[in-house]
1. Does anything in region 152-176 have its amide N under 20 Å from the 7 Å Cα→Cβ label point of Ala226, and if so which residues?
2. Before anything else, pin down the relative contact order of the chain: Cα pairs under 8 Å, at least 6 apart, normalised by residue count, whole percent.
3. Find the relative contact order for region 29-128 and round it to a whole percent, using C-alpha pairs within less than 8 Å whose residues are 6+ positions apart.
4. What full-extension length gain, to one decimal in nm, is calculated for Asp237 and Ile157 as 0.36 nm per residue of separation minus the Cα-Cα distance?
5. Please compare each pair in Lys15/Lys316; Lys116/Lys238; Lys316/Lys344; Lys316/Lys343; Lys3/Lys111; Lys3/Lys83 to a cut-off of 26 Å on the Cα-Cα distance and tell me which ones are over it.
6. Here are several values of log10 I(q)/I(0) by the Debye sum over Cα atoms at q = 0.09, 0.15 Å⁻¹: [x] -0.82, -1.25; [y] -0.66, -1.31; [z] -0.51, -1.54. Which one was derived from the coordinates shown?
7. Shape of region 308-365 from its Cα gyration tensor (a ≥ b ≥ c, root eigenvalues): rounded if a/c is under 1.5, otherwise prolate when a/b > b/c, or oblate?
8. Given only helices, namely DSSP H runs of n ≥ 4 each adding -39500 (n - 2.57), what is the per-residue ellipticity at 222 nm of the chain, to the nearest 500 deg cm²/dmol?
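Just so it is clear, none of the values below were taken in a lab; they were calculated from the coordinates. On a predicted model such as this, the values are computed, not experimentally measured, just so you know. Here the Cβ is made from the backbone with ideal geometry for all residues, glycine too, and neighbour counts use every protein chain on show.
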Amino acid sequence: MLKQFFIICSGSDHKILEDCSIGEQNKYAGIGATVFFTALMAFIAASYALYTVFDNLLAAIAFGFIWGLLIFNLDRYIVSTIKKTGNVVDELIQASPRILLAVIIAVVISKPLELKIFEKEINQVLLEQKNDFTLANQEQIAQQFTPEIEALNSNIIGLQQQVDSKEAEVNALYDTYIAEAEGREGTLLLGKGPVYKEKREKHDAALADLQALKETNKAKIDESEAQIKLLNSTYEDKVATSQPIIDNFDGLMARVNALGELPWLPSFFIFLLFLAIETSPIFAKLLSPRGEYDIKFNENEDLLKSWAAQNVSQRKAVLDTDNLVNDRVYGDISEEEELYAYKKKIARELLKKQQEAFYNKQTKIL
């Protein structure tokens, strides 16, 4: 049962193979098994590749099954159309486009399985890329807010410097009127005289200005800090919104590009493996000697060609004979007086009717 199934997979004529030796049947069963398992590998590879795209197991299996059937049909067609003629050059020429197609199929099949085999290494490369993307994304978003935040911080520093400068001025006035009261500076008189009162009033006025300046600048600083807080919040929201896009940067194309960052030699050997699997049915048929099945198949094909050629020749002979008979029949009829007189009578009546019609038309015009 399994042998019959693999023979069907090989694309050979099972009726012809039934009359061939067991060895010949086993040869084509082996070719069919290679075709089947190549399609099975294509199904697995396509299912995994589509799972990375759709993230849906059922959809991936369904599309993978369709892809496996497509590869199975292509391989079966490729193998079945290679004919053993006994001429190596002719066989290589007719197999060359099929080998090229097999190479393309091998590339398509091997790439998803490479992604699965090197999944851990690819994940490491993707993690590094995601980290770089995260830092670059944060820097790009920060460039939108940094100038305004720096301007607000500079404004806060300027307002605080005004307060500090005024406070230093008030402290200096305080030291001045205290030194006047103690007699260490100014008039050098101990006690609270007129000069002390003048300096004290000047200090009190400056202190009142300082309090007013503190209140005014504090309100401005609070407003600037609120704006900075709002900008920082907006920045964090934008970073949080864009981060899931970076986190989901692990699709099929991203993984293929990440695979390209890894050493090429292991991937190349895997590709060679699948290329060998995909082209093995073709080379198995090319390298195998012309067997019993090939002889019988070519014999049936020659018989069909001969039968078709005979039919064409017979139809041509029938047509030529029919033409000759028709020529003789119509030639003999053309010489009969009865047919001549009858046709002459008909022609005379036709001419009379034409003349009458012409006369009636001219009469109406006049």
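1. 152-160
2. Working: 282 pairs, mean separation 81.6, N = 366.
With pairs under 8 Å counted, the relative contact order is 22 percent.
3. On the way: 69 pairs, mean separation 29.1, N = 100.
Once divided by the residue count of region 29-128, the mean separation gives 29 percent.
4. Values: separation 80, 0.36 × 80 = 28.80 nm, distance 2.69 nm.
Result for the pair: 26.1 nm of gain on full extension.
5. On the way: Lys15/Lys316 34 Å; Lys116/Lys238 34 Å; Lys316/Lys344 38 Å; Lys316/Lys343 35 Å; Lys3/Lys111 31 Å; Lys3/Lys83 22 Å.
Distance filter (> 26 Å) returns Lys15/Lys316; Lys116/Lys238; Lys316/Lys344; Lys316/Lys343; Lys3/Lys111.
6. Of the labelled values, this structure produces [x].
7. Details: a/c = 10.51, a/b = 2.58, b/c = 4.07.
Because a/c hits 1.5 or more and a/b fails to exceed b/c, region 308-365 counts as oblate.
8. Working: 11 runs with 324 residues, N = 366.
Taken over the chain, the calculation gives -32000 deg cm²/dmol.
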